[in-house]
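S.K.: Okay, handing you the structure first.
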Amino acid sequence: QVQPVESGGGLVQAGGSLRLSCAFSGSIFSINAMGWYRQAPGKQRELVARITRGGSTNYADSVKDRFAISRDNAKNMVYLQMNSLKPEDTAVYYCNAERGSVVFWGQGTQVTVSS
C-alpha cells in the first residue's frame with residue numbers, strides 16, 4: 001500500500017498563489033508516476049499535472065504556464081506550485097501515486113479561489 005496525504009489547500013484571492021504538498025508513505029518503491037488531479041462540484045475529476053519517475057511532466061492545458069509540479073525523492077514528497085490562480089481553479093485537489101496498474105489516492109485538499 002501507498003498512502004498519499006495532501007496539504008496546503010485553502011482560500012486565496014484571484015491572482016494569488018498556493019503550494020500544495022503531498023507526502024507518500026508505505027511501499028513507495030516502484031512508484032512510476034505521481035500526479036495531481038482536481039474535481040470541481042458537478043464535474044469529473046481531471047488531471048492537473050503528472051510527473052514520472054524519470055522526471056517527465058505533463059500538464060492540463062488550462063494550467064500550463066501557471067502551475068508547476070515537482071518532487072523531492074529524498075523526502076518522498078511531490079509539490080504543486082500554483083500561481084495566477086483563477087476562480088475556475090476552485091476544486092478539491094487530489095494527489096495520487098501510480099504503481100503499475102494500481103493507483104493510490106489521497107483524501108484531497110480544498111482549494112478555493114475568490115474573485
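Any read-out appearing in this document is the output of simple, stated calculations on the displayed coordinates, not a laboratory observation. It should be emphasised that the depicted structure is a prediction, and the values quoted were computed from it without experimental measurement. Here Cβ is always computed from backbone atoms with ideal geometry, including for glycine, and neighbour counts include all displayed protein chains.
Listed here are the residues, each with its yes/no results for (1) surrounded by 13 or more Cβ atoms within 10 Å (Cβ to Cβ); (2) outside any strand (DSSP E or B).
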residue: GLY16; (1), (2): yes, yes
residue: CYS22; (1), (2): yes, no
residue: SER25; (1), (2): no, no
residue: SER30; (1), (2): no, yes
residue: ILE51; (1), (2): yes, no
residue: LEU85; (1), (2): yes, yes
residue: GLU88; (1), (2): no, yes
residue: ALA97; (1), (2): yes, no
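S.K.: Further, regarding this structure: With respect to ALA68, is the statement that it is within 12 Å of the chain's Cα centre (by Cα) and farther than 22 Å from SER25 by Cα true?
M.R.: Values: within 12 Å of the chain's Cα centre (by Cα): yes; farther than 22 Å from SER25 by Cα: yes.
Against the criterion (within 12 Å of the chain's Cα centre (by Cα) and farther than 22 Å from SER25 by Cα), ALA68 qualifies.
S.K.: Among the residues of the stretch 14-37 satisfying the criterion of being polar (S, T, N, Q) and within 18 Å of VAL63 (Cβ to Cβ), which is farthest from the chain's Cα centre (by Cα)? Write out each step before concluding.
M.R.: Going through the stretch 14-37, the residues polar (S, T, N, Q) turn out to be 17, 21, 25, 27, 30, 32.
Now drop any that are not within 18 Å of VAL63 (Cβ to Cβ), which leaves 17, 21.
Numbers: SER17: 14, SER21: 8 Å.
Out of the qualifying residues, it is SER17.
S.K.: Only residues in the stretch 1-14 that are closer than 16 Å to ASP89 by Cα count as the first member; pair them with residues that are in a strand (DSSP E or B) and of a type in the set (Gly, Ala, Ser), Cβ under 6 angstrom, at least 6 apart or cross-chain, and list the lot.
M.R.: GLY8/SER21; GLN13/SER114
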